[in-house]
Amino acid sequence: MNPQEAWNIAFSQLEIQLDRASFETWLRGAVFLGCTEDGSYRVGVANTYARDMLQHRLYREIRRVLGDVLGDRVELSFEVNKLETVSATDDELPLFRLLNRQPEAPANEVSAPIYQQVSRPQRPDLPESELNPRFTFDRFVNNQANRMTYEAAQAVAEHPATQYNPFFVYGGVGLGKTHLLQSIAHACRERHLRVIYIPSEVFTNDLVDAIRQRTTAMFREKYRSADVLLVDDIQFIAGKESTQEEFFHTFNALYTYNKQVVLASDRPPTDLHTLEDRLRSRFAGGLVMDLQPPEYETRVAIVKMWAQERNIELPLNVAEMIAEKARANIREMEGVFNQLAATTHLSRRPVTIEMTENALVGYRRPRHHQLTMARVLTATAEYYHFAVSDLVGLRRTARLNQARQIAMYIAREVTMASLPQIGDAFGGRTHSTVLHSCNKVAHDLPLDDMLRTDVAAIQAMLLGQD
Ligand code: ADP
Ligand code: MG
(Lines give C-alpha, C1' and ligand atoms only; values in the text may rest on other atoms or scores of the structure.)
(Ligands and ions follow the chains in the order given, each with its own letter.)
Protein backbone atom coordinates (compact mmCIF):
# COMPACT_ATOMS: atom_id res chain seq x y z
CA MET A 1 0.00 0.00 0.00
CA ASN A 2 1.49 3.33 -0.97
CA PRO A 3 1.06 6.46 1.20
CA GLN A 4 -1.63 7.89 -1.07
CA GLU A 5 -3.72 4.73 -0.74
CA ALA A 6 -3.21 4.66 3.01
CA TRP A 7 -4.37 8.25 3.22
CA ASN A 8 -7.43 7.51 1.08
CA ILE A 9 -8.48 4.65 3.34
CA ALA A 10 -7.85 6.68 6.49
CA PHE A 11 -9.80 9.57 4.99
CA SER A 12 -12.87 7.44 4.32
CA GLN A 13 -12.69 5.98 7.81
CA LEU A 14 -12.48 9.44 9.31
CA GLU A 15 -15.59 10.36 7.42
CA ILE A 16 -17.41 7.66 9.35
CA GLN A 17 -15.72 8.13 12.68
CA LEU A 18 -15.58 11.87 13.17
CA ASP A 19 -18.75 13.71 13.89
CA ARG A 20 -20.18 15.06 10.70
CA ALA A 21 -19.81 18.75 11.41
CA SER A 22 -16.10 18.39 12.20
CA PHE A 23 -15.46 16.30 9.15
CA GLU A 24 -17.34 18.55 6.76
CA THR A 25 -15.94 21.73 8.20
CA TRP A 26 -12.31 20.85 8.66
CA LEU A 27 -11.42 17.77 6.68
CA ARG A 28 -13.67 17.62 3.64
CA GLY A 29 -11.28 19.25 1.15
CA ALA A 30 -8.08 17.82 2.65
CA VAL A 31 -5.59 16.28 0.22
CA PHE A 32 -2.48 14.18 0.68
CA LEU A 33 0.58 16.16 -0.43
CA GLY A 34 3.36 13.65 0.12
CA CYS A 35 5.66 12.42 2.84
CA THR A 36 8.57 14.24 4.40
CA GLU A 37 12.01 12.62 4.52
CA ASP A 38 11.33 11.13 7.92
CA GLY A 39 8.05 9.62 6.71
CA SER A 40 5.66 12.12 8.23
CA TYR A 41 2.45 12.69 6.23
CA ARG A 42 1.85 16.15 4.79
CA VAL A 43 -1.79 17.05 4.38
CA GLY A 44 -3.05 20.11 2.52
CA VAL A 45 -6.15 21.93 3.78
CA ALA A 46 -8.18 24.91 2.62
CA ASN A 47 -7.22 27.65 5.05
CA THR A 48 -5.24 28.52 8.14
CA TYR A 49 -8.20 28.04 10.41
CA ALA A 50 -8.75 24.48 9.22
CA ARG A 51 -5.02 23.86 9.64
CA ASP A 52 -5.06 25.09 13.22
CA MET A 53 -8.18 23.18 14.12
CA LEU A 54 -6.78 19.96 12.70
CA GLN A 55 -3.43 20.46 14.36
CA HIS A 56 -4.83 21.30 17.76
CA ARG A 57 -8.05 19.41 18.03
CA LEU A 58 -8.18 16.48 15.66
CA TYR A 59 -4.51 15.59 15.41
CA ARG A 60 -4.62 12.54 17.65
CA GLU A 61 -7.76 11.17 16.10
CA ILE A 62 -6.41 11.45 12.56
CA ARG A 63 -3.05 10.05 13.52
CA ARG A 64 -4.67 7.11 15.26
CA VAL A 65 -6.81 6.24 12.25
CA LEU A 66 -3.93 6.59 9.80
CA GLY A 67 -1.69 4.64 12.17
CA ASP A 68 -4.26 1.83 12.28
CA VAL A 69 -4.36 1.69 8.49
CA LEU A 70 -0.56 1.54 8.26
CA GLY A 71 -0.18 -0.76 11.23
CA ASP A 72 2.48 1.57 12.56
CA ARG A 73 2.89 4.87 14.34
CA VAL A 74 2.91 7.86 12.06
CA GLU A 75 3.26 11.64 12.33
CA LEU A 76 1.33 14.22 10.33
CA SER A 77 1.52 17.87 9.50
CA PHE A 78 -1.12 20.16 8.03
CA GLU A 79 -0.41 22.90 5.54
CA VAL A 80 -2.53 25.44 3.78
CA ASN A 81 -2.85 24.10 0.28
CA LYS A 82 -2.59 27.04 -2.08
CA LEU A 83 -2.63 24.88 -5.20
CA GLU A 84 -5.94 23.30 -4.48
CA THR A 85 -7.56 26.65 -3.81
CA VAL A 86 -6.54 28.24 -7.07
CA SER A 87 -7.22 25.21 -9.23
CA ALA A 88 -10.92 25.10 -8.41
CA THR A 89 -13.05 27.26 -10.65
CA ASP A 90 -14.75 30.24 -9.09
CA ASP A 91 -18.15 28.71 -9.57
CA GLU A 92 -17.34 25.84 -7.29
CA LEU A 93 -15.69 27.90 -4.66
CA PRO A 94 -17.62 28.05 -1.44
CA LEU A 95 -17.88 31.50 -0.05
CA PHE A 96 -15.27 31.03 2.61
CA ARG A 97 -12.68 30.07 0.04
CA LEU A 98 -13.45 33.18 -1.93
CA LEU A 99 -12.92 35.12 1.23
CA ASN A 100 -9.64 33.38 1.73
CA ARG A 101 -8.45 34.23 -1.70
CA GLN A 102 -8.81 37.93 -1.10
CA PRO A 103 -5.45 39.49 -0.40
CA GLU A 104 -5.40 40.86 3.10
CA ALA A 105 -6.51 44.44 3.13
CA PRO A 106 -4.02 46.75 4.78
CA ALA A 107 -5.46 47.82 8.09
CA ASN A 108 -5.84 51.47 7.19
CA GLU A 109 -7.37 51.00 3.77
CA VAL A 110 -11.03 50.34 3.13
CA SER A 111 -11.49 47.73 0.44
CA ALA A 112 -14.69 47.12 -1.49
CA PRO A 113 -17.13 44.69 0.11
CA ILE A 114 -16.62 41.18 -1.06
CA TYR A 115 -19.93 40.92 -2.87
CA GLN A 116 -18.93 43.81 -5.11
CA GLN A 117 -15.60 42.22 -5.81
CA VAL A 118 -17.02 38.89 -6.85
CA SER A 119 -20.30 40.23 -8.29
CA ARG A 120 -22.19 36.99 -8.28
CA PRO A 121 -25.20 35.99 -6.30
CA GLN A 122 -24.49 34.36 -3.02
CA ARG A 123 -24.87 30.62 -3.21
CA PRO A 124 -27.79 29.43 -1.12
CA ASP A 125 -25.82 26.46 0.16
CA LEU A 126 -23.00 27.80 2.20
CA PRO A 127 -20.46 25.24 3.33
CA GLU A 128 -21.33 25.50 6.98
CA SER A 129 -24.90 24.53 6.20
CA GLU A 130 -24.07 21.10 4.92
CA LEU A 131 -26.15 18.64 6.82
CA ASN A 132 -25.59 15.03 7.70
CA PRO A 133 -28.27 13.16 5.73
CA ARG A 134 -28.48 10.62 8.55
CA PHE A 135 -29.49 13.19 11.14
CA THR A 136 -33.23 13.19 10.56
CA PHE A 137 -36.26 12.90 12.83
CA ASP A 138 -37.12 9.42 11.63
CA ARG A 139 -33.67 8.15 12.63
CA PHE A 140 -33.88 9.67 16.09
CA VAL A 141 -35.12 6.84 18.27
CA ASN A 142 -37.57 8.42 20.61
CA ASN A 143 -37.77 7.41 24.21
CA GLN A 144 -39.47 8.27 27.44
CA ALA A 145 -36.65 10.38 28.84
CA ASN A 146 -36.50 12.67 25.82
CA ARG A 147 -40.04 12.53 24.51
CA MET A 148 -40.87 16.15 25.28
CA THR A 149 -37.65 17.48 23.81
CA TYR A 150 -38.21 15.48 20.65
CA GLU A 151 -41.78 16.69 20.31
CA ALA A 152 -40.79 20.29 20.91
CA ALA A 153 -38.15 19.98 18.20
CA GLN A 154 -40.78 18.66 15.81
CA ALA A 155 -43.11 21.50 16.69
CA VAL A 156 -40.34 24.00 15.99
CA ALA A 157 -39.67 22.35 12.63
CA GLU A 158 -43.33 22.41 11.69
CA HIS A 159 -44.10 25.92 12.86
CA PRO A 160 -40.87 27.86 13.09
CA ALA A 161 -40.89 31.15 14.96
CA THR A 162 -44.35 30.77 16.36
CA GLN A 163 -44.14 29.32 19.84
CA TYR A 164 -40.68 28.34 20.90
CA ASN A 165 -38.18 31.00 20.04
CA PRO A 166 -35.36 30.54 20.68
CA PHE A 167 -35.43 26.80 21.12
CA PHE A 168 -32.50 25.83 23.32
CA VAL A 169 -31.42 22.19 23.65
CA TYR A 170 -28.75 21.13 26.10
CA GLY A 171 -27.24 17.84 27.16
CA GLY A 172 -24.01 15.90 27.60
CA VAL A 173 -21.72 14.87 24.82
CA GLY A 174 -22.97 12.30 22.31
CA LEU A 175 -26.62 12.42 23.40
CA GLY A 176 -28.06 13.64 20.09
CA LYS A 177 -28.04 17.45 20.22
CA THR A 178 -26.51 17.82 16.77
CA HIS A 179 -28.77 15.08 15.46
CA LEU A 180 -31.84 16.90 16.74
CA LEU A 181 -30.73 20.31 15.45
CA GLN A 182 -30.05 18.94 12.01
CA SER A 183 -33.38 17.12 11.99
CA ILE A 184 -35.04 20.51 12.38
CA ALA A 185 -32.78 21.88 9.65
CA HIS A 186 -33.69 19.08 7.22
CA ALA A 187 -37.40 19.42 7.84
CA CYS A 188 -37.31 23.19 7.31
CA ARG A 189 -35.15 22.93 4.26
CA GLU A 190 -37.56 20.46 2.69
CA ARG A 191 -40.13 23.18 2.93
CA HIS A 192 -37.74 25.53 1.12
CA LEU A 193 -37.05 27.71 4.09
CA ARG A 194 -33.64 29.28 4.15
CA VAL A 195 -31.75 27.32 6.76
CA ILE A 196 -28.34 28.01 8.21
CA TYR A 197 -26.88 25.35 10.48
CA ILE A 198 -23.52 26.29 11.95
CA PRO A 199 -21.27 25.21 14.81
CA SER A 200 -20.63 28.30 16.91
CA GLU A 201 -16.90 27.99 16.29
CA VAL A 202 -17.49 28.46 12.58
CA PHE A 203 -19.66 31.46 13.31
CA THR A 204 -16.79 32.92 15.32
CA ASN A 205 -14.26 32.12 12.64
CA ASP A 206 -16.46 33.63 9.97
CA LEU A 207 -16.82 36.77 12.03
CA VAL A 208 -13.10 37.08 12.65
CA ASP A 209 -12.50 36.68 8.92
CA ALA A 210 -15.18 39.22 8.10
CA ILE A 211 -13.64 41.76 10.45
CA ARG A 212 -10.20 41.15 9.02
CA GLN A 213 -11.41 41.28 5.42
CA ARG A 214 -13.72 44.18 6.16
CA THR A 215 -16.76 42.29 4.98
CA THR A 216 -18.84 42.52 8.13
CA ALA A 217 -21.75 43.99 6.17
CA MET A 218 -21.92 40.86 4.10
CA PHE A 219 -21.44 38.67 7.14
CA ARG A 220 -24.49 40.27 8.75
CA GLU A 221 -26.54 40.04 5.61
CA LYS A 222 -25.77 36.36 5.33
CA TYR A 223 -26.81 35.38 8.83
CA ARG A 224 -29.73 37.74 9.02
CA SER A 225 -31.21 36.40 5.80
CA ALA A 226 -31.92 33.04 7.43
CA ASP A 227 -35.45 31.88 8.12
CA VAL A 228 -34.06 29.38 10.56
CA LEU A 229 -30.65 29.83 12.16
CA LEU A 230 -29.33 26.86 14.12
CA VAL A 231 -26.15 27.36 16.12
CA ASP A 232 -24.55 24.24 17.54
CA ASP A 233 -22.29 24.06 20.61
CA ILE A 234 -23.06 27.62 21.62
CA GLN A 235 -21.03 27.12 24.82
CA PHE A 236 -17.95 27.91 22.75
CA ILE A 237 -18.94 31.54 22.27
CA ALA A 238 -19.02 32.06 26.01
CA GLY A 239 -16.07 34.25 26.92
CA LYS A 240 -15.63 35.65 23.41
CA GLU A 241 -16.86 39.21 23.63
CA SER A 242 -16.95 40.32 20.03
CA THR A 243 -18.67 37.09 18.97
CA GLN A 244 -21.28 37.50 21.66
CA GLU A 245 -21.87 41.07 20.66
CA GLU A 246 -22.36 40.12 17.02
CA PHE A 247 -24.49 37.15 17.88
CA PHE A 248 -26.68 39.26 20.10
CA HIS A 249 -27.39 41.61 17.19
CA THR A 250 -27.96 38.75 14.77
CA PHE A 251 -30.28 37.16 17.26
CA ASN A 252 -32.24 40.37 17.78
CA ALA A 253 -32.51 41.02 14.07
CA LEU A 254 -33.88 37.54 13.42
CA TYR A 255 -36.18 37.71 16.38
CA THR A 256 -37.55 41.06 15.26
CA TYR A 257 -38.31 39.68 11.82
CA ASN A 258 -39.98 36.68 13.33
CA LYS A 259 -37.37 34.11 12.33
CA GLN A 260 -36.53 30.96 14.25
CA VAL A 261 -33.34 30.56 16.25
CA VAL A 262 -32.29 27.14 17.57
CA LEU A 263 -29.33 26.62 19.87
CA ALA A 264 -27.54 23.63 21.33
CA SER A 265 -25.16 23.63 24.25
CA ASP A 266 -23.52 21.17 26.58
CA ARG A 267 -25.08 22.94 29.56
CA PRO A 268 -28.16 25.04 30.34
CA PRO A 269 -28.10 28.80 29.70
CA THR A 270 -27.88 29.50 33.42
CA ASP A 271 -24.57 27.61 33.57
CA LEU A 272 -22.94 29.52 30.73
CA HIS A 273 -21.08 31.68 33.20
CA THR A 274 -19.07 33.83 30.88
CA LEU A 275 -22.05 34.57 28.70
CA GLU A 276 -23.22 38.15 28.83
CA ASP A 277 -26.36 38.59 30.90
CA ARG A 278 -28.40 39.96 28.05
CA LEU A 279 -27.64 36.90 25.92
CA ARG A 280 -28.25 34.51 28.75
CA SER A 281 -31.63 35.97 29.48
CA ARG A 282 -32.47 35.92 25.76
CA PHE A 283 -31.59 32.25 25.59
CA ALA A 284 -33.47 31.41 28.75
CA GLY A 285 -36.47 33.36 27.51
CA GLY A 286 -37.35 30.77 24.89
CA LEU A 287 -38.00 27.11 25.38
CA VAL A 288 -35.14 25.34 27.14
CA MET A 289 -35.15 21.54 26.94
CA ASP A 290 -32.60 18.91 27.83
CA LEU A 291 -31.50 15.57 26.43
CA GLN A 292 -30.93 12.80 28.93
CA PRO A 293 -28.99 9.58 28.35
CA PRO A 294 -31.52 7.18 26.82
CA GLU A 295 -32.52 4.16 28.85
CA TYR A 296 -31.30 0.65 28.13
CA GLU A 297 -34.21 -0.45 25.89
CA THR A 298 -33.71 2.61 23.71
CA ARG A 299 -30.01 1.95 23.40
CA VAL A 300 -30.78 -1.59 22.24
CA ALA A 301 -33.28 -0.21 19.72
CA ILE A 302 -30.69 2.24 18.37
CA VAL A 303 -28.08 -0.49 17.89
CA LYS A 304 -30.67 -2.65 16.12
CA MET A 305 -31.55 0.23 13.82
CA TRP A 306 -27.90 0.70 12.84
CA ALA A 307 -27.50 -3.02 12.13
CA GLN A 308 -30.59 -3.09 10.00
CA GLU A 309 -29.54 -0.03 8.02
CA ARG A 310 -26.23 -1.61 7.19
CA ASN A 311 -27.59 -5.08 6.58
CA ILE A 312 -25.62 -6.60 9.40
CA GLU A 313 -26.95 -9.72 11.07
CA LEU A 314 -26.66 -8.85 14.73
CA PRO A 315 -27.67 -11.43 17.34
CA LEU A 316 -29.89 -9.92 20.02
CA ASN A 317 -27.43 -10.72 22.81
CA VAL A 318 -24.77 -8.72 20.96
CA ALA A 319 -27.02 -5.68 20.65
CA GLU A 320 -27.80 -6.01 24.34
CA MET A 321 -24.16 -6.35 25.24
CA ILE A 322 -23.24 -3.17 23.39
CA ALA A 323 -26.13 -1.27 24.96
CA GLU A 324 -25.16 -2.56 28.36
CA LYS A 325 -21.41 -1.93 28.23
CA ALA A 326 -21.00 1.17 26.05
CA ARG A 327 -23.45 3.17 28.05
CA ALA A 328 -21.77 6.55 28.53
CA ASN A 329 -23.36 8.05 25.44
CA ILE A 330 -24.64 7.17 22.01
CA ARG A 331 -21.48 8.28 20.25
CA GLU A 332 -19.43 5.84 22.29
CA MET A 333 -21.92 3.13 21.41
CA GLU A 334 -21.62 4.08 17.77
CA GLY A 335 -17.83 3.77 17.99
CA VAL A 336 -18.13 0.21 19.26
CA PHE A 337 -20.73 -0.62 16.64
CA ASN A 338 -18.63 0.80 13.80
CA GLN A 339 -15.66 -1.22 14.88
CA LEU A 340 -17.77 -4.34 14.95
CA ALA A 341 -19.21 -3.54 11.53
CA ALA A 342 -15.72 -3.12 10.10
CA THR A 343 -14.49 -6.37 11.67
CA THR A 344 -17.32 -8.51 10.36
CA HIS A 345 -17.02 -6.87 6.95
CA LEU A 346 -13.26 -7.40 6.64
CA SER A 347 -13.18 -10.88 8.16
CA ARG A 348 -16.35 -11.93 6.30
CA ARG A 349 -17.43 -13.67 9.47
CA PRO A 350 -20.71 -13.21 11.29
CA VAL A 351 -20.73 -11.11 14.43
CA THR A 352 -20.00 -13.09 17.57
CA ILE A 353 -19.91 -12.35 21.26
CA GLU A 354 -16.09 -12.68 21.29
CA MET A 355 -15.81 -10.16 18.50
CA THR A 356 -18.02 -7.81 20.49
CA GLU A 357 -15.95 -8.27 23.62
CA ASN A 358 -12.87 -7.28 21.66
CA ALA A 359 -14.56 -4.19 20.26
CA LEU A 360 -15.52 -3.21 23.78
CA VAL A 361 -12.02 -3.49 25.21
CA GLY A 362 -11.09 0.08 24.36
CA TYR A 363 -14.16 1.42 26.11
CA ARG A 364 -13.61 0.36 29.66
CA ARG A 365 -14.21 2.86 32.39
CA PRO A 366 -11.19 4.59 33.94
CA ARG A 367 -9.58 3.50 37.16
CA HIS A 368 -7.88 6.53 38.60
CA HIS A 369 -5.70 4.91 41.21
CA GLN A 370 -3.83 3.17 38.40
CA LEU A 371 -2.81 6.46 36.87
CA THR A 372 0.73 7.35 37.80
CA MET A 373 2.61 10.62 37.49
CA ALA A 374 4.76 8.99 34.83
CA ARG A 375 1.75 8.39 32.64
CA VAL A 376 0.51 11.93 33.01
CA LEU A 377 3.93 13.21 31.99
CA THR A 378 4.17 10.88 29.01
CA ALA A 379 0.70 11.72 27.76
CA THR A 380 1.18 15.48 28.11
CA ALA A 381 4.59 15.37 26.46
CA GLU A 382 3.22 13.30 23.62
CA TYR A 383 0.26 15.59 23.13
CA TYR A 384 2.43 18.68 22.83
CA HIS A 385 5.25 16.92 20.98
CA PHE A 386 7.78 17.57 23.73
CA ALA A 387 10.22 15.20 25.38
CA VAL A 388 9.34 14.31 28.97
CA SER A 389 12.77 15.63 29.97
CA ASP A 390 11.79 19.04 28.58
CA LEU A 391 8.54 18.97 30.44
CA VAL A 392 10.16 18.33 33.80
CA GLY A 393 13.32 20.33 33.01
CA LEU A 394 14.21 23.94 33.65
CA ARG A 395 13.95 25.39 30.16
CA ARG A 396 11.28 28.08 29.99
CA THR A 397 9.23 28.89 26.91
CA ALA A 398 5.61 29.97 26.82
CA ARG A 399 4.56 26.62 25.38
CA LEU A 400 6.58 24.59 27.83
CA ASN A 401 5.27 26.60 30.75
CA GLN A 402 1.73 26.05 29.67
CA ALA A 403 2.24 22.34 29.09
CA ARG A 404 3.78 22.07 32.58
CA GLN A 405 0.88 23.84 34.21
CA ILE A 406 -1.61 21.65 32.40
CA ALA A 407 0.27 18.49 33.32
CA MET A 408 0.30 19.56 36.98
CA TYR A 409 -3.39 20.33 36.87
CA ILE A 410 -4.24 16.99 35.30
CA ALA A 411 -1.98 15.14 37.72
CA ARG A 412 -3.93 16.69 40.55
CA GLU A 413 -7.22 15.74 38.94
CA VAL A 414 -6.59 12.16 37.96
CA THR A 415 -3.78 10.72 40.09
CA MET A 416 -3.56 10.13 43.81
CA ALA A 417 -0.31 12.15 44.01
CA SER A 418 -0.02 14.92 46.60
CA LEU A 419 1.17 18.43 45.74
CA PRO A 420 4.75 17.79 46.91
CA GLN A 421 4.81 14.48 45.04
CA ILE A 422 3.73 16.25 41.88
CA GLY A 423 6.39 18.90 42.45
CA ASP A 424 9.02 16.16 42.86
CA ALA A 425 8.00 14.57 39.57
CA PHE A 426 8.61 17.93 37.93
CA GLY A 427 12.26 18.00 38.92
CA GLY A 428 11.81 19.17 42.50
CA ARG A 429 9.46 22.12 42.11
CA THR A 430 7.80 23.32 45.30
CA HIS A 431 4.27 22.48 46.27
CA SER A 432 3.30 26.14 46.06
CA THR A 433 4.44 26.24 42.42
CA VAL A 434 2.23 23.24 41.75
CA LEU A 435 -0.70 24.77 43.57
CA HIS A 436 -0.28 28.02 41.69
CA SER A 437 -0.29 26.16 38.36
CA CYS A 438 -3.36 24.15 39.27
CA ASN A 439 -5.24 27.25 40.33
CA LYS A 440 -4.25 29.10 37.20
CA VAL A 441 -5.48 26.34 34.91
CA ALA A 442 -8.68 25.93 36.91
CA HIS A 443 -9.28 29.65 36.65
CA ASP A 444 -8.61 29.83 32.90
CA LEU A 445 -10.52 26.70 31.92
CA PRO A 446 -13.99 28.23 31.65
CA LEU A 447 -12.60 31.14 29.66
CA ASP A 448 -10.34 29.39 27.21
CA ASP A 449 -11.72 26.92 24.67
CA MET A 450 -8.35 25.79 23.42
CA LEU A 451 -7.20 25.05 26.94
CA ARG A 452 -10.36 23.07 27.64
CA THR A 453 -9.87 21.05 24.48
CA ASP A 454 -6.24 20.32 25.32
CA VAL A 455 -7.02 19.24 28.87
CA ALA A 456 -9.90 17.07 27.72
CA ALA A 457 -7.77 15.47 25.02
CA ILE A 458 -4.96 14.61 27.41
CA GLN A 459 -7.39 13.26 29.97
CA ALA A 460 -9.01 11.17 27.27
CA MET A 461 -5.58 9.79 26.35
CA LEU A 462 -5.03 8.80 29.96
CA LEU A 463 -8.43 7.39 30.64
CA GLY A 464 -8.50 5.55 27.33
CA GLN A 465 -5.38 3.50 28.16
CA ASP A 466 -6.34 0.95 30.72
P1 ADP B 1 -24.14 15.54 20.48
O2 ADP B 1 -24.28 16.60 19.44
O3 ADP B 1 -25.16 15.67 21.58
O4 ADP B 1 -22.76 15.40 21.02
P5 ADP B 1 -24.81 13.77 18.29
O6 ADP B 1 -26.05 14.43 17.86
O7 ADP B 1 -23.60 13.99 17.45
O8 ADP B 1 -24.48 14.13 19.80
O9 ADP B 1 -25.09 12.21 18.45
C10 ADP B 1 -24.04 11.24 18.49
C11 ADP B 1 -24.46 10.03 17.71
O12 ADP B 1 -25.51 9.37 18.37
C13 ADP B 1 -24.99 10.38 16.33
O14 ADP B 1 -24.55 9.42 15.40
C15 ADP B 1 -26.48 10.30 16.48
O16 ADP B 1 -27.12 9.94 15.28
C17 ADP B 1 -26.64 9.24 17.53
N18 ADP B 1 -27.83 9.40 18.36
C19 ADP B 1 -27.94 10.16 19.49
N20 ADP B 1 -29.18 10.06 20.03
C21 ADP B 1 -29.87 9.24 19.23
C22 ADP B 1 -31.20 8.72 19.24
N23 ADP B 1 -32.09 9.04 20.21
N24 ADP B 1 -31.55 7.89 18.22
C25 ADP B 1 -30.68 7.55 17.26
N26 ADP B 1 -29.43 7.99 17.20
C27 ADP B 1 -29.00 8.81 18.16
MG1 MG C 1 -22.85 17.92 18.65
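Does Ile184 fit the bill of being assigned to a strand (DSSP E or B) and either assigned by TED's automatic domain parsing to the domain that holds Arg282 or within 11 Å of ligand 2 (Cβ to nearest atom) (or both)?
On the way: assigned to a strand (DSSP E or B): no; either assigned by TED's automatic domain parsing to the domain that holds Arg282 or within 11 Å of ligand 2 (Cβ to nearest atom) (or both): yes.
No: the conditions fail for Ile184.
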### Task
Those residues that are open to solvent by less than 40 Å² (accessible area, probe 1.4 Å) and more than 14 Å from ligand 1 (Cβ to nearest atom), I need them from the range 18-39; list them, please.
Trp26, Leu27, Gly29, Ala30, Phe32, Gly34, Gly39
### Query
Which residues, counting only those in the range 235-245, are farther than 16 Å from Ser281 by Cα and crowded, with 20+ Cβ neighbours inside 10 Å?
Phe236, Lys240, Thr243
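Consider Asp449 carefully, then state whether it is outside the structural domain of Ala238 (by TED's automatic domain parsing), of a type in the set (Asp, Glu), more than 21 Å from Glu382 (Cβ to Cβ) and open to solvent by 20 Å² or more (accessible area, probe 1.4 Å). Don't jump to the end; show me each part of the working.
On the way: outside the structural domain of Ala238 (by TED's automatic domain parsing): yes; of a type in the set (Asp, Glu): yes; more than 21 Å from Glu382 (Cβ to Cβ): yes; open to solvent by 20 Å² or more (accessible area, probe 1.4 Å): no.
Considered against the rule, which asks whether it is outside the structural domain of Ala238 (by TED's automatic domain parsing), of a type in the set (Asp, Glu), more than 21 Å from Glu382 (Cβ to Cβ) and open to solvent by 20 Å² or more (accessible area, probe 1.4 Å), Asp449 comes out as no.
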### Task
Would you be able to say whether some residue in the range 141-162 is modelled with pLDDT under 95, outside the structural domain of Pro199 (by TED's automatic domain parsing), open to solvent by 60 Å² or more (accessible area, probe 1.4 Å) and more than 25 Å from the chain's Cα centre (by Cα)?
no
### Message
If I ask for residues that are farther than 24 Å from Tyr197 by Cβ and open to solvent by less than 60 Å² (accessible area, probe 1.4 Å), which ones from the range 1-17 would you list?
### Response
Pro3, Ala6, Trp7, Ala10
### Query
Can you spot a residue in the range 305-319 that is outside the structural domain of Leu447 (by TED's automatic domain parsing), touching a residue at least 40 places away in the same chain (Cβ under 8 Å) and closer than 21 Å to Thr178 by Cβ?
yes
#### Entry: Positions within the range 188-234 being in contact with a Pro (Cβ under 7 Å, 6 or more places away or on another chain), open to solvent by less than 20 Å² (accessible area, probe 1.4 Å) and either assigned to a strand (DSSP E or B) or within 16 Å of ligand 2 (Cβ to nearest atom) (or both), in sequence order
Val228, Asp232
### Query
Just a yes or no: is a residue in the range 321-338 open to solvent by 50 Å² or more (accessible area, probe 1.4 Å), modelled with pLDDT under 95 and polar (S, T, N, Q)?
no
### Summary
When (1) free of Cβ contacts under 8 Å to residues at least 12 places away in the same chain; (2) touching a Phe, Trp or Tyr at 6+ places or on another chain (Cβ under 8 Å) are applied to Phe23, the one that fails is (2)
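Conditions (1) touching a residue at least 40 places away in the same chain (Cβ under 8 Å); (2) in contact with a Cys (Cβ under 9 Å, 6 or more places away or on another chain); (3) within 14 Å of ligand 1 (Cβ to nearest atom), marked per residue:
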position: Asp138; (1), (2), (3): no, no, yes
position: Asn143; (1), (2), (3): yes, no, yes
position: Ala152; (1), (2), (3): yes, no, no
position: Gln163; (1), (2), (3): yes, no, no
position: Phe168; (1), (2), (3): yes, no, yes
position: Gly176; (1), (2), (3): yes, no, yes
position: Gln182; (1), (2), (3): yes, no, yes
### Query
Are any residues in the range 246-270 in contact with a helix residue (DSSP H, G or I) (Cβ under 9 Å, 6 or more places away or on another chain) and surrounded by fewer than 20 Cβ atoms within 10 Å (Cβ to Cβ), and if so, which ones?
Phe248, His249, Asn252, Ala253, Tyr255, Tyr257, Asp266, Arg267, Pro268, Thr270
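Could you list, in sequence order, the residues of the range 39-84 that are among the aromatic types (Phe, Trp, Tyr) and either under 19 Å from the mean Cα position of the chain (by Cα) or closer than 19 Å to Gln17 by Cα (or both)? Give the steps one after another, and end with the answer.
In the first step, residues of the range 39-84 are kept if they are among the aromatic types (Phe, Trp, Tyr); the result is 41, 49, 59, 78.
Matches in the range 39-84: Tyr49, Tyr59, Phe78.
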### Message
Exactly one of these conditions fails for Tyr170: (1) assigned to a helix (DSSP H, G or I); (2) within 16 Å of ligand 2 (Cβ to nearest atom); (3) closer than 20 Å to Ser281 by Cβ. Give me its number.
### Response
(1)
### Task
Keeping to the range 5-58, report how many residues are of a type in the set (A, V, I, L, M), in contact with a helix residue (DSSP H, G or I) (Cβ under 7 Å, 6 or more places away or on another chain) and within 24 Å of Ile458 (Cα to Cα).
10
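A quick yes/no check of all residues on (1) in contact (Cβ under 8 Å) with a residue 40 or more places away in the chain; (2) assigned to a strand (DSSP E or B); (3) not assigned by TED's automatic domain parsing to the domain that holds Asp206:
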site	(1), (2), (3)
Asn8	no, no, yes
Ser12	no, no, yes
Glu15	no, no, yes
Phe32	no, yes, yes
Gly44	yes, yes, yes
Ala50	no, no, yes
Leu58	yes, no, yes
Arg64	no, no, yes
Asp72	no, no, yes
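The values are calculated or read from the model by the stated rules, or taken from the named source; none is laboratory data. Predicted model only: the values in this text are computed from it and were never measured. Because the Cβ atoms are built from the backbone with ideal geometry, glycine has one as well, and the counts that use them run over all protein chains shown. Side chains included, ligands, DNA and RNA excluded: accessible areas come from the protein's heavy atoms. Shrake-Rupley method; radii C 1.70, N 1.55, O 1.52, S 1.80 Å.
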